[in-house]
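Provided herewith is a single structure, encoded as structure tokens, for subsequent inquiry.
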Amino acid sequence: METSSGDEQAALERHYLKKELLSLLVEDELKFIGNPSNLVHLGTPFVNKGEPPIAFEESKIPILRFIFKKFVLTFPFLDPESQTQLWNVSFRNFLSVIYENSISVLPDDPDATYMHRMELKFHGMLTLLMSRAISCIHGEKSISHDQIDTMGIKNQLSQTSIENKKQDSLIALVGGVREYSYSTYLRNKKTYEYILKVQNEESLIYVARRYSDFTKLHHALVKKYPSAAIARLPAKDLHDTHLQDGSQFSTLGTTQTSTSVGSTPENPGLVLRQERMRIGLNYYINHILKQDELLNSPEVEAFLYSDPFSPNENEQKDILLRQELDLIRTKERMKFIEIASERAKSLDIYMDEFKRSLMESGGLTSLFKELKEKERIKDLSPTLQQTLEWVRVNLASTIYDVFIAKEKSGVTFSQIKRMHSIFPYGVIKNIMRFSNPLSVMKRILDTLLAQPFGMKSLFQRLLSVSLNDNVRAIHKLISKYQSQVNNAEVLQKIQQQVENPCKAAQDVLRENNLSPQDYLQYILVSDEVPPKLSEESIRQVIMDGSAWKEAMGSEGYPEDKTIQDRARRFGFTLKLMHLYAKQFNKKRSISLISEGSTGEMMKTIVVIFYKPLMKVYKAANVYTSVGDFEAFMDDMLRLVEETQENLEVNPTTLVEHYIDLVKRHEDAFYDFVHRVYLHDSGLFSSLMEWIESIISFLHYGSAYPIDMDSIITGLSPEEIDLLSQELKELVEWNHKKKSFLFRKNTAKYASGDESTIPAVNMDELGLDEEILAELRGDGDDEEEYNNSDIEHDEDRMNESFEYDPVMDERQRQKRKANRLIDGLPAKPEFRIISKLLPTFRDQIYPILARFANESPTK
């Protein structure tokens, strides 16, 4: 496999050829295991009644069997005596029901597409894990960050950001707040208006909007642009921000007389009315302006430009004061991250030593043995104490990052504070203290799963409540759109083929080579799909379909009224097909919940994890830790509120405040960990050994390397030349993929979507960053789009709005085209590489058999 590029290129080709062939093997195995009847190829405990277990060498899924035997069956929480009941009965029955309800009903069925994406992620993860564990005899190498033009990508992103800012001629800031009075029949009322400062290349204006105006804008945008990624409108927040008397900021507005700024006897100094609300609305409006589709909409234009006014002197001062505070907050946050990062980096030497100790044989076991033996943090070894200091700094930074530093931190804080206020800590604490947890859980499960007189259980009813609500909401939309089509026989045929497709339709779905609109025309017009429509309806469908294609193919929105009407009717018909499918899938989900096997599987899973943990928690008096956690949440929320209201002069002091927060509660947390491990009866020791086996597998791999050079010996000279070209293309594609992922993640960090806190390098723990990318779904822009599409579809179920299917589809195609330009590069097709699969399989399967200890010969 030597090339003119030398040994390094050959090593790259070996690595990515091995990975590609493993990917093909895993893909074949996942397809095979998709049928629950093939579970017997996983070996014991999956056996058919009256038949012996299938031997490893006869199994058609050795990779999945290896993973299942090596890492699933050995999970320490699983009771060896109940393995057969769990897997061969409960799991098999549950999977059979899932399989029967997973058939696609449309070419782009969202529910089937979601399951397919999950399968692709699982496939990618297995491929990378096996690639990491099985090495090549002659050496291999993956593409490193050193081989990517990281500096060029960063400069490109920076230049793009600058250009976008230049193009961004419109700036809108929610800069101030003023009191607003209005009269009702009975009395005068007071509320607040938020002052927007709107500036473009030509003018600077001010407009005032109430919270209800933001609400109306939000609803209008959700209705008219259902596929746009519209941020959630922040909940109404009546909280005021106090700048304490004596701070450097209290003097900024000493001459203020604006009604939005004042002071109280209890809180001397400045009081900024509705400051948290203003910050949340500012984030919301700027999120909207980042999207051209919304920025150029008449709704946003009217919101930003209608009814301008000239702020008076006090309102101007209020705006300037809040802008200055925004600037101070930004500088403070940047300085906080800088100081915290420096503190964490100063401890890197201890963290490196800690990571090396983890990678040693028995490293995790030794770590938790020390946690079990030492009663206090100060008794721990110096290395572990310094590691905890690193954790302390990073945890403090994370709290600050989540609740203070991000634009949407205010929304996150409000949600957590609300959840904390209603969570029944006292009830949970007393239940854990005075009751028998195992008895309580058994009674709860029996109550939830009981089916008196064959009726639905409470568990089934709880899970199906939201689904039933969705079904009713979908039905309302269907009723509304049906009037736009006004052809009963067309709609009846669509619904029939969605819920019970004929053989011809099933064959088309299986081939999956038609677009939704082409599939719709096929099932309506084809003589192979019963029942046959009338000639008049067929002509209508054909003409409507032609108008739809013309509307989609033209540069602008069609001006011809006849084409508009026909295209819209076809669009509503297409939309109804999707709604019928969504309704059918929801009903299938309800049916799945009603299956007894679902309840039994849930009960089995809960018992597996709950039973051993509750034994430990009961013995360790863990109920006391519930109060400790409540105290930590109270303390943390108090500190965050103080940070929001009182801007610190010295960010170093602020860093110390958050580190002190962690210090105040770390002893209670350590006491919880110590008591749990002290009374674990070997449960967590077994868990640590299980995790160590996975880390060892990733870090050291198999003791039986594979000879990648030998698998090409059966190729002809012409095929070897073609293979050489395919290998170059394969390496180049992986290089582009890695560059794309680096660009995407760098853009996330640059935009502030990701934390800038230092993190553990997963490569040093044996986890390839490619594996982490697969788990996170990096590069899966289509998933983000589909999820957004589905969420907005759910959000607008109960909305009444004028929906234009032509405009909606044109916008969707525009976004799709942009994703193809900016997305993951398309993978080349390989003809010769796939021919190597049988030879590769002959080498890899005996290695797995020996590694899984299922081979009679060692």
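The values are calculated or read from the model by the stated rules, or taken from the named source; none is laboratory data. The model shown is predicted, which means the values in this text are computed figures rather than measured ones. Ideal geometry is used to build each Cβ from the backbone, glycine not excepted, and the neighbour counts take in all protein chains shown.
Return a yes/no flag: does the stretch 739-754 have any residue that is touching a helix residue (DSSP H, G or I) at 6+ places or on another chain (Cβ under 8 Å), at pLDDT 80 or above and in a helix (DSSP H, G or I).
For the stretch 739-754, residues touching a helix residue (DSSP H, G or I) at 6+ places or on another chain (Cβ under 8 Å), at pLDDT 80 or above and in a helix (DSSP H, G or I): present.
Can you pull out the residues in the stretch 310-342 that are modelled with pLDDT of 85 or more, closer than 16 Å to Val174 by Cα and loosely packed, with under 13 Cβ neighbours inside 10 Å?
The answer is Ser310, and nothing else.
So, one more: Inspect all residues belonging to the stretch 316-327 and state whether any of them is more than 25 Å from Arg276 (Cα to Cα) and either of a type in the set (Ser, Thr, Tyr) or in contact with a strand residue (DSSP E or B) (Cβ under 6 Å, 6 or more places away or on another chain) (or both). Steps first, answer last, please.
As a first pass, look at the stretch 316-327 and keep what is more than 25 Å from Arg276 (Cα to Cα): none.
Looking for residues that are more than 25 Å from Arg276 (Cα to Cα) and either of a type in the set (Ser, Thr, Tyr) or in contact with a strand residue (DSSP E or B) (Cβ under 6 Å, 6 or more places away or on another chain) (or both), one finds none in the stretch 316-327, hence no.
Mind checking which residues of the stretch 534-588 are among the polar types (S, T, N, Q) and closer than 12 Å to Gln521 by Cα? Walk me through how you get there before you give the answer.
First, the residues of the stretch 534-588 that are among the polar types (S, T, N, Q): 534, 537, 540, 546, 554, 562, 564, 573, 583, 585.
Passing the criteria: Ser537, Gln540, Ser546, Thr573.
Only one of (1) under 26 Å from Glu656 (Cα atoms); (2) surrounded by fewer than 18 Cβ atoms within 10 Å (Cβ to Cβ); (3) at pLDDT below 85 is not met by Arg418, so which one is it?
Result: Arg418 fails condition (1) only.
Moving on to the next point. Is it the case that some residue within the stretch 349-356 is touching a Phe, Trp or Tyr at 6+ places or on another chain (Cβ under 6 Å), modelled with pLDDT under 75, within 23 Å of Asp401 (Cβ to Cβ) and not in a helix (DSSP H, G or I)? Let's see the steps before the verdict.
Looking only at the stretch 349-356, we keep the residues that are touching a Phe, Trp or Tyr at 6+ places or on another chain (Cβ under 6 Å), and these are 351.
Checking the rest, the ones that are also modelled with pLDDT under 75 come to 351.
Remaining after also requiring within 23 Å of Asp401 (Cβ to Cβ): 351.
Filter once more, keeping what is not in a helix (DSSP H, G or I): none.
The answer is no, given that none of the residues of the stretch 349-356 is touching a Phe, Trp or Tyr at 6+ places or on another chain (Cβ under 6 Å), modelled with pLDDT under 75, within 23 Å of Asp401 (Cβ to Cβ) and not in a helix (DSSP H, G or I).
Scan (1) β-branched (Val, Ile, Thr); (2) over 24 Å from Ser135 (Cα atoms); (3) touching a Lys or Arg at 6+ places or on another chain (Cβ under 8 Å) for the single condition Val676 breaks and write down its number.
(3) is the only condition that Val676 fails.
Here's a check for you: in the stretch 468-492, which residue that is surrounded by 16 or more Cβ atoms within 10 Å (Cβ to Cβ) and modelled with pLDDT under 85 is farthest from Ser589 (Cα to Cα)?
Across the stretch 468-492, the extreme among qualifying residues is Leu477.
Mind listing whichever residues of the stretch 206-226 are surrounded by fewer than 17 Cβ atoms within 10 Å (Cβ to Cβ), of a type in the set (Lys, Arg) and farther than 15 Å from Pro298 by Cβ?
Residue satisfying the conditions is Arg210 alone.
Also, I was wondering about something else. Can you tell me which residues in the stretch 705-734 are over 14 Å from Glu20 (Cα atoms) and assigned to a helix (DSSP H, G or I)? Step through it out loud before you land on a result.
Initially, the stretch 705-734 is screened for residues over 14 Å from Glu20 (Cα atoms), giving 705-707, 709-710, 712-722, 724-725.
Scanning the stretch 705-734 gives Asp709, Ser710, Ile712, Pro717, Glu718, Glu719, Ile720, Asp721, Leu722, Ser724, Gln725.
Would it be correct to say that His699 is more than 31 Å from the chain's Cα centre (by Cα), touching a residue at least 24 places away in the same chain (Cβ under 8 Å) and not in a loop (DSSP other than H, G, I, E, B)? Lay out the reasoning, then the answer.
Details: more than 31 Å from the chain's Cα centre (by Cα): no; touching a residue at least 24 places away in the same chain (Cβ under 8 Å): yes; not in a loop (DSSP other than H, G, I, E, B): yes.
When the stated conditions are applied, His699 does not pass them.
Evaluate the stretch 292-302: report whether one residue or more is under 17 Å from Leu204 (Cα atoms) and more than 32 Å from the chain's Cα centre (by Cα).
yes
Another question, then. Yes or no: Lys408 touching a His at 6+ places or on another chain (Cβ under 9 Å), crowded, with 17+ Cβ neighbours inside 10 Å, farther than 17 Å from Glu353 by Cα and not assigned by TED's automatic domain parsing to the domain that holds Met277?
Details: touching a His at 6+ places or on another chain (Cβ under 9 Å): yes; crowded, with 17+ Cβ neighbours inside 10 Å: yes; farther than 17 Å from Glu353 by Cα: yes; not assigned by TED's automatic domain parsing to the domain that holds Met277: yes.
The answer is yes for Lys408.
Determine the pairs where a residue that is over 22 Å from Glu275 (Cβ atoms), located within the stretch 177-201, has a partner that is surrounded by fewer than 13 Cβ atoms within 10 Å (Cβ to Cβ) and at pLDDT below 75 with Cβ atoms under 6 Å apart, the partner being 6 or more residues away or on another chain.
Filtered contacts from the stretch 177-201: Asn200/Ser169; Glu201/Ser169.
If you go through the stretch 531-548 one residue at a time, how many are touching a residue at least 12 places away in the same chain (Cβ under 8 Å) and either within 15 Å of Ala488 (Cα to Cα) or among the charged types (D, E, K, R) (or both)?
Looking only at that region, the number is 8.
Quick one: is Asp667 in a loop (DSSP other than H, G, I, E, B) and either acidic (Asp, Glu) or within 24 Å of His420 (Cβ to Cβ) (or both)? Give the derivation first.
Working: in a loop (DSSP other than H, G, I, E, B): no; either acidic (Asp, Glu) or within 24 Å of His420 (Cβ to Cβ) (or both): yes.
When the stated conditions are applied, Asp667 does not pass them.
Please work out which residue is modelled with the highest pLDDT, limiting yourself to the stretch 806-835 and to residues that are closer than 30 Å to Gly714 by Cβ, surrounded by 13 or more Cβ atoms within 10 Å (Cβ to Cβ) and basic (Lys, Arg).
By that ranking, first place goes to Lys835.
Let me ask another. Suppose we filter the stretch 421-436 for residues that are touching a Lys or Arg at 6+ places or on another chain (Cβ under 9 Å) and surrounded by 17 or more Cβ atoms within 10 Å (Cβ to Cβ); how many remain?
Going through the stretch 421-436 one residue at a time, the tally reaches 1.
Please go through (1) modelled with pLDDT of 85 or more; (2) not in a helix (DSSP H, G or I) for Gln495 and return the number of the only condition it doesn't satisfy.
Of everything listed in (1) modelled with pLDDT of 85 or more; (2) not in a helix (DSSP H, G or I), Gln495 misses just condition (2).
Looking at (1) part of a loop (DSSP other than H, G, I, E, B); (2) surrounded by fewer than 16 Cβ atoms within 10 Å (Cβ to Cβ); (3) touching a helix residue (DSSP H, G or I) at 6+ places or on another chain (Cβ under 9 Å), find the lone condition where Asp518 falls short.
With (1) part of a loop (DSSP other than H, G, I, E, B); (2) surrounded by fewer than 16 Cβ atoms within 10 Å (Cβ to Cβ); (3) touching a helix residue (DSSP H, G or I) at 6+ places or on another chain (Cβ under 9 Å) applied to Asp518, the lone miss is (1).
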